[in-house]
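Trainee: Sharing a structure below in C-alpha cells format, with a few things to ask.
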Amino acid sequence: MEYKGNFIGGQWQEVTQAEGVFTRENPSRIDETVFEFPWAVAPVEDAVSAARKALPTWDKLGFDARLSYIQKLAKIFADRKEDLAMAICHDAGKPLWEARGEAGALVAKINIMSTTGMEFTRDLTLPDGSGKAVYRPLGVLCVLGPFNFPLHLPNGHIIPALLNGNTLVVKPSELSGASMQLYFECLQEAGFPDGVVNLVQGPGPVGAALSTHERVDGVLFTGSYNTGLRIKKATIEQPWKLLALEMGGKNTSIVLEDANIDQVAHELILASFLTTGQRCTATSRVVAHKSIASRLLDQFVELAKKVTTGDAEHEEVFMGPIINKGSYDRFLAMQQETESGKLQAVLQGGKAREDLNGYFLSPAIWKATEFDPHGAHQSEEIFGPDVIFYEAADEQELIHIANGTDYGLAMSVFTSDEERFERMTYDLHSGIVNMNRTTAGASSALPFGGVKRSGNHRPAAISAGLYCTYPQSRLMQGSDFDEESVLSGPLSYLSK
Ligand code: NAD
C-alpha cells in the first residue's frame with residue numbers, strides 16, 4: 001500500500017524531517033513490502049493541537065449529530081469490508097477468513113456501542129429533579145494500538161470515545177500501519193470535521209511522545225505489559241491523565257473430571273492456536289484433573305498435529321504466520337527452554353512450511369512435571385502457539401495452578417456442573433471466566449478487561465464509555481427566592 005502521510009486536521013501530511021523509515025514486510029512473504037513510511041515525533045504536536053482545536057465544537061454538536069457521522073462510517077466500513085480484510089491479512093498475517101471476521105466486527109462494534117454502550121454514560125437524574133450527573137468527554141485522547149487486532153481493538157476505543165464527544169490522535173502499531181491508513185481513509189470519507197480524528201504513524205518513540213503529551217487527557221492503550229508499565233511510569237507526574245491499559249495474558253483452561261473431553265479438545269485448539277496463538281486471551285496453560293488428563297492430552301495433541309498453516313492470503317489455512325522475525329526467533333528459542341526438565345515436549349513446536357518464505361510455525365504442547373510460577377517458560381507471555389499442560393489432584397490444586405500467574409485476563413472452566421462453575425469463579429482471579437468455551441474471543445456486549453498484569457480496572461468493550469468520560473454532577477434549583485424559608489435555616493442569624 002502506498003503511504004499517504006499522517007492524517008492531521010483533516011489533511012494527509014507528509015513527514016518533512018524524518019527520524020527514521022519503517023519498512024513492514026508481509027509476514028507470509030517476507031520479500032514483499034506491505035508498507036514503508038518515514039516517521040518523526042514532531043507531528044505529534046500538530047496532531048494534538050488539531051484535536052484540541054476541534055474539541056469544543058465536536059462536544060457541543062451533541063450525541064445525535066455525532067452519531068450521524070458514525071453511522072456514515074459504518075456504511076463505509078461495510079462497503080469496504082473486503083479491502084479492510086485484505087489489508088489486515090497483509091500486515092498482521094491473518095488468514096483471510098479471520099481477517100474478514102475482524103473487518104466485519106468494525107460495524108458490529110458501532111452498532112452495540114451506539115445503543116447499549118451509551119447506557120453506561122446516560123445522565124443520572126435525581127428522582128425529585130434537584131440534580132443530575134452528566135457524562136462529559138475527557139477531552140483529547142490518544143489511542144495506541146497493538147498489531148494482533150490492528151483495527152478491531154483501536155476501533156473499540158475510537159467509537160465510544162467519539163460518541164461521547166472526545167477528539168482523538170491515533171497511533172497504530174508500526175507493524176500494522178497500512179490497515180490503519182485504510183481505516184483513516186474511511187474516516188475521511190465519512191466527513192468528520194477537521195481535527196476530530198488524527199493519525200500519526202510511527203514506532204514506540206511516537207507513542208511515548210503522544211502518551212506523555214501535557215495536553216492529552218487520556219491514553220487508551222492495548223499492548224504488552226512492559227509497554228503499559230512504561231506508559232504508567234512516564235506519566236506518573238500527570239496524575240490527572242486517564243490510563244486505560246489493556247495488556248497481556250497467560251490464560252488458563254481448567255478441565256474438571258466431569259468435562260466433555262471431545263468438546264474440550266476442540267475448544268482448546270481454538271483457544272490456543274487461533275491467530276497463531278497471538279490473542280491476548282489465548283490459552284497458553286491447561287490444568288486438567290488427573291483422572292482425565294492423559295486422555296485429554298492425547299486428543300489435544302492429535303488434533304494439534306492437524307492444524308494447517310500457510311500463506312494467509314493464498315491458502316485456506318487455520319494459522320497464518322507469526323507477526324515478525326523477532327517473534328519467530330523468540331518462539332523458536334522458547335522451544336529450548338525446558339526449565340531444567342520441568343517441561344517435557346509432548347508435541348515439539350518449530351519451523352513450518354519451509355517451502356514458503358514466511359514466519360510459519362507449528363504448535364508446541366508441553367507437559368509440566370513441576371509447577372513453577374516463576375519459570376521463564378511457565379510465567380512469560382510467549383504470544384505464539386505454545387501451551388503448557390498441568391495435571392492436578394483436586395479442585396484446590398486446579399485453582400492454585402490456574403491463579404499462579406502474574407496475569408489475569410481470561411480463564412475457562414470445563415465441567416458439566418454449572419453450580420460448581422459458579423462456585424469456583426469466586427476463587428478465580430481473572431477478568432473473564434468462561435464455561436465450556438474457549439478463552440479466546442469475547443462478547444462486545446460485555447465488559448472486557450483483566451486484573452493483575454493484564455489491566456488496570458478500566459474494562460473496554462461495552463463499558464468503554466466510562467473511561468472516556470467524567471461525570472459532572474449538578475445540583476439545581478429555580479431562581480425564586482423565599483426569604484422566609486432561607487432565614488429559618490442555618491442562615492437565621494442574618495435576620496437578627
Ligand atoms: P506492544 O506493547 O509492543 O505495542 C503496543 C503499542 O504501543 C504499539 O502501537 C507500540 O508502537 C506502542 N508503544 C511502544 N512503546 C511505547 C512507549 N514507550 N510508549 C507508548 N507507546 C509505545 O504490543 P504489541 O506487540 O503490538 O501487541 C501484543 C501485546 O498486546 C500482547 O502482550 C497482547 O497480550 C496484548 N494485547 C492485549 C489485549 C487486551 O485487550 N488486553 C488485546 C490485544 C493485545
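The values are calculated or read from the model by the stated rules, or taken from the named source; none is laboratory data. What you are looking at is a predicted structure, and each value in this text was computed from that prediction instead of being measured. All Cβ positions, even for glycine, are placed from backbone atoms using ideal geometry, and neighbour counts span all protein chains on display. Accessible surface is based on the protein model in full, side chains and every heavy atom, while ligands, DNA and RNA are left aside. Shrake-Rupley method; radii C 1.70, N 1.55, O 1.52, S 1.80 Å.
Trainee: What do you reckon, is Leu274 over 30 Å from Asn456 (Cα atoms), assigned to a helix (DSSP H, G or I) and either within 16 Å of the ligand (Cβ to nearest atom) or without any contact (Cβ under 8 Å) to a residue 60 or more places away in the chain (or both)?
Mentor: Taking the combined requirement at face value, the residue does not satisfy it.
Trainee: Are there any pairs, at least 6 apart or on different chains, whose C-beta atoms fall under 9 Å, with the first in the stretch 6-23 and assigned to a strand (DSSP E or B) and the second basic (Lys, Arg) and surrounded by 17 or more Cβ atoms within 10 Å (Cβ to Cβ), and if so, which?
Mentor: Final answer for the pair search is Trp12/Lys4.
Trainee: Could you check how many residues of the stretch 285-308 are open to solvent by 20 Å² or more (accessible area, probe 1.4 Å) and either out of contact with any helix residue (DSSP H, G or I) (no Cβ under 7 Å at 6 or more places or on another chain) or part of a loop (DSSP other than H, G, I, E, B) (or both)?
Mentor: 9
Trainee: Something else: Considering only the stretch 417-473, state which residues are open to solvent by 40 Å² or more (accessible area, probe 1.4 Å), of a type in the set (Gly, Ala, Ser) and outside any loop (DSSP other than H, G, I, E, B).
Mentor: Ser473
Trainee: May I pose another question? Within the bounds of the stretch 259-268, is there any residue that is of a type outside the set (Ser, Thr, Tyr) and within 16 Å of the ligand (Cβ to nearest atom)?
Mentor: No: the stretch 259-268 contains no residue that is of a type outside the set (Ser, Thr, Tyr) and within 16 Å of the ligand (Cβ to nearest atom).
Trainee: Can you tell me which residues in the stretch 206-215 are open to solvent by 30 Å² or more (accessible area, probe 1.4 Å) and part of a loop (DSSP other than H, G, I, E, B)?
Mentor: If the condition is that a residue be open to solvent by 30 Å² or more (accessible area, probe 1.4 Å) and part of a loop (DSSP other than H, G, I, E, B), then Thr212, Glu214, Arg215 are the ones that fit.
Trainee: While we're on this one: Which residue is farthest from the chain's Cα centre (by Cα), if the candidates are limited to the stretch 277-292 and must be away from the ligand (no atom under 16 Å from the Cβ) and under 20 Å from Asn434 (Cβ atoms)?
Mentor: Ile292
Trainee: Shifting gears a bit: Could you look through the stretch 381-394, keep only residues that are in contact with a helix residue (DSSP H, G or I) (Cβ under 8 Å, 6 or more places away or on another chain) and assigned to a loop (DSSP other than H, G, I, E, B), and pick out the one that is surrounded by the fewest Cβ atoms within 10 Å (Cβ to Cβ)?
Mentor: Ranking the candidates gives Ala393 first.
Trainee: A follow-up question, please. Name the one entry in Pro193, Pro203 that is within 14 Å of the ligand (Cβ to nearest atom), more than 17 Å from the chain's Cα centre (by Cα) and either modelled with pLDDT under 95 or surrounded by fewer than 24 Cβ atoms within 10 Å (Cβ to Cβ) (or both).
Mentor: Pro203
Trainee: Take the residues in the stretch 110-163 that are among the hydroxyl-bearing types (Ser, Thr, Tyr), touching a helix residue (DSSP H, G or I) at 6+ places or on another chain (Cβ under 7 Å) and outside any loop (DSSP other than H, G, I, E, B), then tell me which one is nearest to Phe77 (Cα to Cα).
Mentor: Going through the qualifying residues, I end up with Thr121.
Trainee: Filter the stretch 216-233 for residues that are open to solvent by 90 Å² or more (accessible area, probe 1.4 Å) and more than 6 Å from the ligand (Cβ to nearest atom); which is farthest from the chain's Cα centre (by Cα)?
Mentor: So the residue we want is Lys233.
Trainee: Between residues in the stretch 425-449 that are within 15 Å of the ligand (Cβ to nearest atom) and of a type in the set (A, V, I, L, M, F, W, C) and residues that are open to solvent by 20 Å² or more (accessible area, probe 1.4 Å) and in a loop (DSSP other than H, G, I, E, B), which pairs lie under 6 Å by C-beta distance while being six or more apart or on different chains?
Mentor: Note: pairs meeting the criteria are Ala440/Arg279; Phe448/Ala442; Phe448/Pro459.
Trainee: Separate question: With (1) outside any loop (DSSP other than H, G, I, E, B); (2) open to solvent by 40 Å² or more (accessible area, probe 1.4 Å); (3) of a type in the set (A, V, I, L, M); (4) in contact (Cβ under 8 Å) with a residue 60 or more places away in the chain as the list, and Val413 as the residue in question, which single condition is left unmet?
Mentor: With (1) outside any loop (DSSP other than H, G, I, E, B); (2) open to solvent by 40 Å² or more (accessible area, probe 1.4 Å); (3) of a type in the set (A, V, I, L, M); (4) in contact (Cβ under 8 Å) with a residue 60 or more places away in the chain applied to Val413, the lone miss is (2).
Trainee: Now for a separate question. Among the candidates Pro127, Pro160, Pro172, which residue alone is more than 22 Å from Ile236 (Cα to Cα) and within 14 Å of the ligand (Cβ to nearest atom)?
Mentor: It is Pro172.
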